[in-house]
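Quick notes on the structure that follows.
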Amino acid sequence: MKKISLLIIAISFASCAVQKVPKPEQVMKYYDGFKKSDYQEVKNVLSDSLIITEGDYVMEFTQESYYEHFKWDSIFRPVYKIVKLKEQGNQVSATVSVKSSRFEYLNNNPLTCNRNFHFKNGKINKIENLDCIDANWDMWQKQRDSLVNWIKFNRPGLDGFINDLSEQGAKDYLEAIELYKKQKSE
């Protein structure tokens, strides 16, 4: 009985040590999961619920619903690069650069943004998207609006792709870009 008790105590200490991953390392693992298209790696550093803010816009996710966002993002073949990480109390500030086929079309490739990662019980529970330091929002809007309007009139079956954050919505977004580019080159 004494051996079993010691074994249980040893396992408890080992599992506690595994869970004490430094916050900056968790942010790195989060992006590594995106780089490797490995949602399990992302999920391992997320709290049971996740809030992502962008200005006044707030998105709330469970781990399962965040998987849909992960699949949507993966369709654009993003390449994330952490430019800077800084731990500040219970949060980590990160500057992250990302290249993707979507950002390429929107003439903002790479897009480099500042984010704050917040933690609860040792896991990421909130991501604040702050400023994007190299963004040309006028160009972004012009490209997006041209694409949306062209699709609306020329390929109405794809209309609505811009607001569809599912995996299929991302595929439709890519198809819309390709059709638009093809039309422009003719």
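A few points about this structure:
- For segment 39-54, the Karplus equation 6.51 cos²θ - 1.76 cosθ + 1.60, evaluated at θ = phi - 60°, returns couplings of 5, 4, 5, 5, 4, 4, 9, 9, 5, 4, 10, 9, 10, 10, 10, 9 Hz by residue, with Gly and Pro reported as x.
- Dividing the helix sum by the residues of the chain, where each DSSP H run of 4 or more adds -39500 (n - 2.57), gives a mean residue ellipticity at 222 nm of -15500 deg cm²/dmol.
- Three principal axis lengths of the chain [C-alpha, angstrom, descending]: 79, 32, 27
- For the chain: relative contact order, % (alpha-carbon pairs under 8 angstrom, 6 or more apart): 18
- Evaluated over the Cα positions of segment 91-145, the convex hull gives a direction-averaged projected area, one quarter of its surface, of 4.1 nm².
- Cross-link pairs 71/99; 35/99; 71/182; 99/182 - those with Cα-Cα distance over 19 Å: 71/182; 99/182
- Mean-square fluctuations from a GNM of the chain, with a 10 angstrom spring cutoff on Cα atoms, peak among 65, 101, 93 at 65.
- Only protein atoms count toward the accessible area here, which uses a 1.4 Å probe; on the chain, the carbon and sulfur part of that area reaches 52 percent.
- Unit charges on C-beta of K, R, D, E only; dipole of the chain, Debye: 800
- Separation of alpha-carbon centers, segment 98-170 and segment 18-40, rounded to whole Å: 22
The values are calculated or read from the model by the stated rules, or taken from the named source; none is laboratory data. Here the structure is a predicted model, which is why all the values come from computation and not from measurement. A quick note on method: Cβ atoms are made from the backbone with ideal geometry, for glycine too, and the neighbour counts reach across all protein chains shown. Areas reflect the complete protein model, heavy atoms only, side chains present, ligands, DNA and RNA absent. Shrake-Rupley method; radii C 1.70, N 1.55, O 1.52, S 1.80 Å.
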